[in-house]
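First comes the structure, then the notes that go with it.
The values are calculated or read from the model by the stated rules, or taken from the named source; none is laboratory data. What you see is a predicted model, and the numbers here were worked out from it, not measured in a lab. Positions of Cβ are generated from backbone atoms using ideal geometry, with glycine treated the same way; all protein chains shown enter the neighbour counts. Calculation scope for accessible area: heavy atoms of the full protein, side chains included, ligands and nucleic acids excluded. Shrake-Rupley method; radii C 1.70, N 1.55, O 1.52, S 1.80 Å.
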Amino acid sequence: MTDSAKPTLLIVDGHSLAYRAFYALPIENFSTKDGQHTNGIYGFLSMLINLIKAEKPTHMAVAFDTSRVSFRTREYAEYKATRSETPAEFRGQIPLLQECLAAMSIPVLTAEDVEADDILATLATQGAAEGYNVLVCSGDRDSIQLVTDDVTLLYPSVQGVSQLKRYDPTTVRERYGVPPEQYPDVAALVGETSDNLPGVPKVGEKTAVKWLNQFGSLDAVLDGADQIKGVVGGNLREHLDDVRRNRRLNRLVRDVPLPLTPAELVVKPIDTQAVRDIFSRLEFRTLTSRLYEATGTVEDEADLPVAATAPEPAQLSAGDVAAWLSAAEGDIGVTVTTEGGLPHRVGLATADAAAETSWSPEVAASLTPWLASDAPKVLSDAKPQLKALRRAGADLGGITFDVMIAGWLARPSFPDKTLGNLVERYLDEKLPEADPSQLVPEHEGATPGQLSWYTLRVAAAQRASLPPRVTDVLTDIEMPTLVALADMELAGVAVSHDKLSSFSSELGARADGIAQGAYAAIGREVNLGSPKQLQEVLFDELGLPKTRKTKTGYSTDAGALVALQETSPHPFLDLLLQHREATKLRQIIESLDVAIGADHRVHTTYLQTGSQTGRLSSTDPNLQNIPIRTDESHRIRAAFEVGEGYETLLTADYSQIEMRIMAHLSEDPGLIEAFRSGEDLHRYVGARVFGVEPAEVTPFMRTKVKAMSYGLVYGLSAFGLSKQLRIEQSEAKQLMTEYFARFGAVRDYLRASVEKARIDGYTETIFGRRRPFPDLSSPNRVLRENAERAALNAPIQGSAADIMKIALLRIHRRLRDEHLSSRVLLQIHDELVVEVAPGEWDAAERIVREGMGDAAELTVPLDVQIGRGPNWDEAGH
DNA sequence: GGTACGACGTA
DNA sequence: CGTACGTCGTACCG
């Protein structure tokens, strides 16, 4: 019956269908790992995609209610009054669903004072008049009145949202016994409990339809009420006003003023980048391909316009470089492409010109003085480029702006990985990229000169949008840190292959022995590294009590195994723990060993934009998680040695920097006094909390307040504290009460800081680094409370990270300025490892101590512990 | 070959 | 029901 020549307009009631999906799909199977519920979103999108695939609409829109208040509630205050409050778990999904629709380029329509169905009614009326086949998808029975030869209703059946029943005039008449336009008359007589609209008692669909067919219209029924006999006739006469009111209220409004006409709802290409972003955030894995298939979207992000204005770069020879540079004005964008870690091509750009050249001895000679100078340069991900230049014997000075770091500072949760991401985000353009799968690419990728030009333009957009204090963090902290990190990565740290490999085989033999014992204990061989197989052994074969639930079964982690040991001891458990420990250490050793380079050193890579708090992270290999707690782990640290030509290693770490920051930020007099007194922090706090002299603080008391103090920084609860200390929750609660009785300003600060973040939408470190927290106002409790703990921690962890970066850059600068050969090698959040050249110990020690101790002016002193030794183990403490 | 998950190392 | 990270092996996808 559909006229294929006509365009198809699909209009959907977003609220009612998402709500049905919310109840149809089990919420526990549809949550992201950080607790956002997604069942309503998923169910709705799944249905919509099926619909698009089946109906191939040419025009589309989704309507939402703005609130529960409308002209209907004004006319009849009890309208829908019996409906229970929409669950917060559902409400929180609506904005995300709308975000998904925006990414899919589907218009979302809302209007004040009416309901979504009125919007559908308006569009259906306009659409039919303008010659569309209209498909109305709604879960509200009032929509039946919209059905005509041109308007079909798709109504979710009881089986669920994915099964939609089609209503055209014939099927409506078959199902309800009246034509669509008369259905509201039936509904008015019968009433609608879900809308709290009482009808005529004892009158159901059958009677209503009979009357309407008998009298011809609702008015005729009401006028002829006297002729109807029996109890129902009496009921009708008593409820004439109710019926009239029902009919007024269930008449859908067909002339809601809307910002878009049906023609403007034409289907547009979806924003694949945005779809990828939001779907991955919601952890939808299968929807993307289904969407692309249904909409015929090619998985290709060529939606954004390519800026055609990138200047054609001048190809410079060594002789032209100086002239080009002297003619250039303002900041200069620089791009050094690399091959095998060495410079390959160099691109330069100003606001309106670009140039490029290949790296050669001649070019290097003419370029290096300018590169090394303070002339301001703007780059994208400068560190690898700086390293490449250093390897080639050149230098890069005046790095004033790195767009990758600026992008991260603006939004640390979405570290854009490429310049192309930033071009899209800040310029709304597409960076020309060659398709690597094409042998002869259709379009050329941007050349180094053009990349520099784009970098410069991104930087301009970022400068305009970065808050002043964040700009200061970029300029004063991040840019010089970048230079220090490049030098640390280039230096690497000497690691003894001999020490590692002998230890590795030792551990391998030990692990094998333990494994044999473990197999004997259960009477068969299993893969001890497979949590899945372990679950079979522990819970099915050995019949041990079930532990904490995980996504895929029951936990076999160390905590769970130790707990099992206590309730139901079995020799297998301890052997498994020992095996885990041995194999884990062996893995770490192996990964370190293969990372040792020809220079006998390990060169990690620090990710400057890898955390949300401002910390660094370290990869390939990660040198920030080298074991330290056990005897065996000390042997690993002993393999990190002072390198040839150097005298010793120096380690320096901040003691209790986070608690000191807490004292500074909270201005708690007790905590400040604790640090000024020079007494051991936990002993001092323990004395106050337990009301004894510091000398009388037992190790047990010290452990408790120490856990409490550290827990504070992470947003620990009484529950968590009791679990960690293995004490009753009531005791943990008591401990917290005592603690806050003595250090109340700490609690006040933490509360106020989260509240401020809720209002501002972000937290700030002492130096102005920001971290956004949109979820602090989420109606989803899990999400909101997770955000609260993270927001409580962010200024503290972030300020500590800032302070360490400031210390690092100052130490790096002074070692260079005083012409020392000693150099910083590693940063492990609150610790630095320095390689000290012969005869430089005193100078290096002084520079490190002062650099760290004076990195920030807090109300409490920054205490720095220094150690010395031929390897990291002996230098550490 | 890629991705998710559990587990576990560090501050 | 404690923050911030990276890496490993297994299991599973296609």
- Label-point separation (nm) for A:Thr261 and A:Ala81, each offset 7 Å from Cα along Cα-to-Cβ? 4.3
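Could you grab the Rg to Rh ratio for the stretch A:340-469? Cα atoms only, Kirkwood for Rh.
0.97
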- Kindly rank A:764-777, A:314-327 from highest to lowest mean number of other beta carbons found within 10 Å of each residue. A:764-777, A:314-327
- Message: Once neighbouring chains are kept in place and the probe is 1.4 Å, which whole percent of the accessible area of the stretch A:493-602 is contributed by carbon and sulfur?
- Response: 54
- Query: So which GluC sites (Glu not before Pro) in the stretch A:388-497 end up in coil per DSSP with only 15 or fewer other C-beta atoms within 10 Å?
  - Reply: A:Glu442, A:Glu444
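Expressed as a whole percentage, what fraction of the accessible surface of the stretch A:314-466 belongs to carbon and sulfur atoms when a 1.4 Å probe is rolled over the protein heavy atoms?
Accessible surface attributable to carbon and sulfur in the stretch A:314-466 totals 54 percent.
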- Task: Give the distance, in whole Å, between the Cα centre of the stretch A:5-62 and the Cα centre of the stretch A:333-388.
- Result: 50
- Item | Spin-label proximity, A:Glu850 to the stretch A:815-833 - amide N less than 13 Å from point 7 Å beyond Cα toward beta carbon | A:815-819
- Loop trypsin sites (Lys or Arg not before Pro), the stretch A:529-592, which have at most 13 other Cβ atoms in a 10 Å radius of their Cβ (DSSP): A:Lys546, A:Arg548, A:Lys551
- Query: Which percent of the accessible heavy-atom area of the stretch A:658-793 goes to carbon and sulfur, probe 1.4 angstrom?
  - Reply: 51
- Message: Could you give the length gained by full extension between A:Ile727 and A:Gln214, i.e. 0.36 nm per residue of separation minus their alpha carbon distance, to one decimal place?
- Response: 176.9 nm
- Percent antiparallel among DSSP beta bridges confined to the stretch A:1-146, rounded to 5, stands at 10
- Item | Rounded tilt (10° steps) of A:841-853 against the dominant C-alpha axis of chain A | 30
- Query: Projected area of chain A, taken from the Cα convex hull and averaged over every viewing direction, in nm²?
  - Reply: 48.0
- Item | Mean separation of Cα contacts under 8 Å, 6 or more apart, over the residue count of chain A: relative contact order % | 10
- Task: Please work out the FRET efficiency for the pair A:Glu362 and A:Leu490, using the Cβ-Cβ distance as r and a Förster radius of 22 Å; give the result to the nearest 0.05.
- Result: 0.30
- Beta bridges by DSSP in chain A, antiparallel share as percent, to the nearest 5: 70
- Task: Kindly rank A:224-230, A:706-712, A:719-725 from highest to lowest mean number of other beta carbons found within 10 Å of each residue.
- Result: A:706-712, A:719-725, A:224-230
- Mean accessible surface per residue for chain A, computed with a 1.4 Å probe while every protein chain stays in place, in Å²: 45
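What is the gain in length, in nm to one decimal, between A:Arg629 and A:Asp472 on full extension, counting 0.36 nm per residue of separation less the C-alpha to C-alpha distance?
52.7 nm is the gain from fully extending A:Arg629 to A:Asp472.
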- FRET efficiency for A:His819 and A:Glu329, Cβ-Cβ distance as r, R0 = 35 Å, nearest 0.05? 0.50
- Say each of A:Thr567 and A:Val782 gets a label point 7 Å from the Cα, pointing the same way as Cα to Cβ; how far apart are those two points in nm? 2.2
- Can you give me the Cα centroid spacing of the stretch A:125-180 and the stretch A:580-606 in angstrom? 66
- Averaged over all viewing directions, the convex hull of the alpha carbons in the stretch A:493-602 casts a projected area in nm² of 8.0
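Under the rule of -39500 (n - 2.57) per DSSP H run of 4 or more residues, summed and divided by the residues of chain A, what mean residue ellipticity at 222 nm is obtained, to the nearest 500 deg cm²/dmol? Don't skip to the end; give the middle numbers.
Details: 37 runs with 422 residues, N = 877.
Estimated from H runs of four or more residues: -14500 deg cm²/dmol.
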- For the stretch A:692-792 the mean separation of alpha carbon contacts under 8 Å (6+ apart) over residue count, i.e. relative contact order in percent, is 21
- Using θ = phi - 60° and the Karplus relation 6.51 cos²θ - 1.76 cosθ + 1.60, list the HN-Hα couplings for the stretch A:24-37 in order, rounded to whole Hz, with x at every Gly or Pro. 7, 9, x, 5, 5, 8, 10, 9, 6, 5, 9, x, 6, 6
- The extension gain from A:Asp241 to A:Asp395, computed as 0.36 nm times the residue separation minus the Cα-Cα distance, is 46.6 nm
- Message: Using a 7 Å offset from the Cα along the Cα-to-Cβ direction at both A:Ala129 and A:Lys584, what is the distance between the two label points in nm, to one decimal?
- Response: 7.1
- Task: Return the subset of A:Lys377/A:Lys430; A:Lys33/A:Lys268; A:Lys383/A:Lys805 for which the Cα-Cα distance in this structure is over 26 Å, preserving the input order.
- Result: A:Lys33/A:Lys268
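Hey, what's the Cα Rg ratio for the stretch A:687-838 versus the globular rule of thumb, 2.2 N^0.38 Å?
Numbers: Rg = 19.9 Å, N = 152, 2.2 N^0.38 = 14.8 Å.
In units of the 2.2 N^0.38 Å rule of thumb, it is 1.34.
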- Item | Of all DSSP beta bridges in the stretch A:314-466, antiparallel share, percent nearest 5 | 65
- Query: In percent, how large is the relative contact order of the stretch A:314-466, given Cα pairs closer than 8 Å and 6 or more residues apart?
  - Reply: 27
